[in-house]
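A.B. asks: Input: one structure, supplied below.
The values are calculated or read from the model by the stated rules, or taken from the named source; none is laboratory data. On a predicted model such as this, the values are computed, not experimentally measured, just so you know. Ideal geometry is used to build each Cβ from the backbone, glycine not excepted, and the neighbour counts take in all protein chains shown.
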Amino acid sequence: MADPREGVTSEGLIVTGARRDRVPPAYEPVLAYVLSRIPPEVPVHVYGSVANGTATVPTSDGTWTTDRLAALTRWSEIEPALAPELVRLRTLCDSGGGSAEEVRTLLGTGGVIELIAARFAAEIGLWQP
């Protein structure tokens, strides 16, 4: 379902209705599980119909998850130096986690996700809540 609060500001920034308090109660257990598996200083980004409160249980618009293999493959082509960290991140996602320090290294400041987000922001731009 389309985000009824989505649009573009007069400055050309994309705005969205995604907010923590709009996550439907049916999806709270999933979010709680994710939050229990990572250090509190690691940000979690939820998007799509789940994040803007328009998800229809038991389905959503398909944006709750992403194709990790496709993303890993493409970003490894774009930034080959990130490939080992991306492979490790996918392994952690598939196996249910690693040590808190390893997760912090991959997801924290200066980690592979921040590097990809910065590259994406520089070339395409990021949504602003």
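A.B. asks: I'm trying to understand the selection: among the residues of the stretch 49-72, which are at pLDDT 80 or above, within 15 Å of the chain's Cα centre (by Cα) and on the phi > 0 side of the Ramachandran plot?
C.D. replies: Answer for the stretch 49-72, where residues must be at pLDDT 80 or above, within 15 Å of the chain's Cα centre (by Cα) and on the phi > 0 side of the Ramachandran plot: there is none.
A.B. asks: Now for a different question. Please go through the stretch 20-48 and give me each residue that is in a loop (DSSP other than H, G, I, E, B) and more than 23 Å from Leu89 (Cβ to Cβ), ordered by number. Don't jump to the end; show me each part of the working.
C.D. replies: Keep residues of the stretch 20-48 that are in a loop (DSSP other than H, G, I, E, B), which gives 23-24, 37-48.
Those that are in a loop (DSSP other than H, G, I, E, B) and more than 23 Å from Leu89 (Cβ to Cβ): Val23, Pro24.
A.B. asks: Given Gly12, Gly17, which one is modelled with pLDDT of 80 or more, in a loop (DSSP other than H, G, I, E, B) and exposed (fewer than 10 other Cβ atoms within 10 Å of the Cβ)?
C.D. replies: Exactly one of Gly12, Gly17 is modelled with pLDDT of 80 or more, in a loop (DSSP other than H, G, I, E, B) and exposed (fewer than 10 other Cβ atoms within 10 Å of the Cβ), namely Gly12.
A.B. asks: Still on this model: Determine whether the stretch 113-120 contains at least one residue that is over 17 Å from Val44 (Cα atoms) and either surrounded by 11 or more Cβ atoms within 10 Å (Cβ to Cβ) or in contact (Cβ under 8 Å) with a residue 60 or more places away in the chain (or both).
C.D. replies: Yes: one or more hits.
A.B. asks: Answer with yes or no whether Val50 is surrounded by 16 or more Cβ atoms within 10 Å (Cβ to Cβ), β-branched (Val, Ile, Thr) and in contact with a Leu (Cβ under 8 Å, 6 or more places away or on another chain).
C.D. replies: no
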